[in-house]
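Novice: Encoded as structure tokens, here's the structure I'll be asking about.
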Amino acid sequence: MFGRSAPVEVDLGAGDGVYAEVRAKRDLDRNFVAVERLLGRATKIAKKAVRNQLTNLKVLRLESAYFIKNLCAESSLDAVTVRYPDPWPKRRHHGNRLLQKEFLEDAARAVTPGGCLKLTTDDLEYFEWAQKEVKKCAPWVADSSWTGADEPTSEFEELFAKEGRPVYRQAWRRG
Ligand SMILES: C[S@@+](CC[C@H](N)C(=O)[O-])C[C@H]1O[C@@H](n2cnc3c(N)ncnc32)[C@H](O)[C@@H]1O
């Protein structure tokens, strides 16, 4: 996809693509894939990448779990980022949540040893639930040294900060 060999980071459910765009501008020696299922959003990210001549940012209009399971070779990714995933708060909808057994196993296969999975969410219940799910998946080990301090912030995160709303972050490394 990129015509060069460099560490690949994937942003799942990329939304308006601010995170992937800022990272691609900042980390020119890394390749980024933004995965977004909505066509309008995916198109917007692709336009930004072209406008800014970001040859290290590609966009796929796809479902995140499908992408990780079917399109990623073993140990091909350096990092997987999941920012503000849909929390699916009702119990009967928990099966739709991204961070659960099958996805976590697929992601552990796709990520290189030592590579990471990073979660950022404003939903405490989802955060605690995700931590329990990851704990059950042996290849992932919590990385308590990651604070997310170096992560780009989006407009709505700045709004959260102004309102004093907490954001929960956790990274895990593939052992
Ligand atoms: C709450 S937004 C967060 C967007 C972005 N990560 C951010 O931090 O601003 C969730 C995004 O994930 C996308 N999304 C939800 N489920 C998805 C899935 N299964 N596969 C791909 N994208 C998904 C939605 O369309 C939406 O753009």
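The values are calculated or read from the model by the stated rules, or taken from the named source; none is laboratory data. It should be emphasised that the depicted structure is a prediction, and the values quoted were computed from it without experimental measurement. Here the Cβ positions follow ideal geometry from the backbone for every residue, glycine too, while neighbour counts run over all protein chains shown.
Novice: Of 102, 157, which residue is more than 22 Å from residue 20 (Cα to Cα), among the acidic types (Asp, Glu) and assigned to a helix (DSSP H, G or I)?
Specialist: Just a single option satisfies the conditions, and that option is 102.
Novice: Anything in segment 1-42 that is free of Cβ contacts under 8 Å to residues at least 60 places away in the same chain, part of a loop (DSSP other than H, G, I, E, B), more than 16 Å from the ligand (Cβ to nearest atom) and not acidic (Asp, Glu)? List them, or say none.
Specialist: Within segment 1-42, 1, 2, 3, 4, 5, 6, 28, 30 qualify.
Novice: Give 68, 45 a once-over and let me know the one that is part of a helix (DSSP H, G or I), within 14 Å of the ligand (Cβ to nearest atom) and closer than 25 Å to residue 125 by Cβ.
Specialist: 68
Novice: Could I ask something else about it? Out of everything in segment 123-175 that is free of Cβ contacts under 8 Å to residues at least 24 places away in the same chain and within 16 Å of the ligand (Cβ to nearest atom), what residue ends up being surrounded by the fewest Cβ atoms within 10 Å (Cβ to Cβ)?
Specialist: 150
Novice: Would you please list the contacts, defined by Cβ atoms under 9 Å and residues six or more apart or on different chains, that run from a residue in segment 94-117 that is farther than 17 Å from residue 67 by Cβ to a residue that is at pLDDT 95 or above and assigned to a helix (DSSP H, G or I)?
Specialist: Hits for this filter: 94/129; 101/133.
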